[in-house]
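The values are calculated or read from the model by the stated rules, or taken from the named source; none is laboratory data. On a predicted model such as this, the values are computed, not experimentally measured, just so you know. Note that we place each Cβ from the backbone using ideal geometry, even for glycine, and neighbour counts take in every protein chain shown.
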Amino acid sequence: MTSSVVVIGNFDGVHRGHQAVIAQARALADARSSRCVVLTFDPHPNEVLGRGLPPRLTTLARRVELLRAHGADEVSVEPFTRELAGWSPERFAKELLAERLHASAVVVGANFRFGHKRAGDFTRLSELGASLAFAAVAADVAGDADGAFSSTRIRDAVAAGDVTRAATILGRPHRLSGVVENGDQRGRTIGFPTANLGGVAEMLPAYGVYAVRVLREGALLAGGVMNVGVRPTVDGSSLRVEAHLFDFAADLYGQTLAVDVVERLRGEQKFGSFEELRAQIARDADDARAALSRLAGAAGL
């Protein structure tokens, strides 16, 4: 069995800091003629242990996709259970890292803790590695003038509606995903039919209007303008995530879509009439087209 360089973490968001760690592990694996394996856990350990779960930035499937795209040969998703939480550091290192994943090196953050009651730390991992024939390697820390890249910084930005800042840390726009559901078709009556996205698992940005890119099965479907909020002009009673797709008229009901949230255009507001709302949506659509055009120009598309 080929040995592996194992990098351990939750990796929610697979942001630029995570990407730097994967690149570090990838280079180490190449130097050792080993596989680069990411070990992650689902559900999140905090959820199982009752510590409270922060808003999710990526679904598990998206996380695996991104980890592979950034250099992992394999993503090992370990079911996190109370039984696993009760393993000693010695058992975790021996059975999971050495025997199952054939680790020759294990890359972890400086604050990494493992084993029952978080008894194991980097020093203990190094000691166990010495007896189990793997090296413990401290992960590189990537950041900018505001500090290390982190999922917490991204969540703070998304919560404030600053999706541009979130994209800077992620290295791409924040993405939502869900299934198109039947709505009240109010948008059709004012000339802006929308796809109502249900079952969104990722963290929603602050209520407001955003320029977006809409994808289906990984392929760009259309640009658009999206509203996140309770639609105070309509009823103000239920949270909706609804996107108007530019130059697109096909039926999308029941289909799974992904939405890249590119730029915040304005906050949510209540209008005095549906005519005022329609006029504002028209302006929003123009602003969204301009934002998407700027993005395409910056990307050289």
Determine the pairs where a residue that is closer than 22 Å to F11 by Cβ, located within the stretch 112-133, has a partner that is of a type in the set (K, R) and surrounded by 15 or more Cβ atoms within 10 Å (Cβ to Cβ) with Cβ atoms under 9 Å apart, the partner being 6 or more residues away or on another chain. F114/R124; G115/R124; G120/R113; D121/R113; F122/R113
On the basis of being at pLDDT 95 or above and aromatic (F, W, Y), does F271 make the cut? no
If a residue must be at pLDDT below 90 and outside the structural domain of Q255 (by TED's automatic domain parsing), how many such residues does the stretch 157-197 contain? 0
Give the residue, chosen from L67, L57, that is under 16 Å from the mean Cα position of the chain (by Cα), in the same structural domain as L96 (by TED's automatic domain parsing), crowded, with 20+ Cβ neighbours inside 10 Å and part of a helix (DSSP H, G or I). L67
Any hit, the stretch 123-130, residues being polar (S, T, N, Q), modelled with pLDDT of 95 or more and under 21 Å from the mean Cα position of the chain (by Cα): no
Only one of (1) on the phi > 0 side of the Ramachandran plot; (2) touching a residue at least 12 places away in the same chain (Cβ under 8 Å); (3) surrounded by fewer than 20 Cβ atoms within 10 Å (Cβ to Cβ) fails for G161. Which number is that? (3)
Identify, please: which residue in the stretch 234-263 is of a type in the set (D, E, K, R), more than 27 Å from the chain's Cα centre (by Cα) and on the phi < 0 side of the Ramachandran plot and is, among those, modelled with the lowest pLDDT? D235
Name the single residue, out of those in the stretch 9-42 being assigned to a strand (DSSP E or B) and not polar (S, T, N, Q), that is surrounded by the fewest Cβ atoms within 10 Å (Cβ to Cβ). D42
Per the filter on the stretch 205-264, residues of a type in the set (D, E, K, R) and assigned to a loop (DSSP other than H, G, I, E, B) are E217, R231, D235, D247, D251
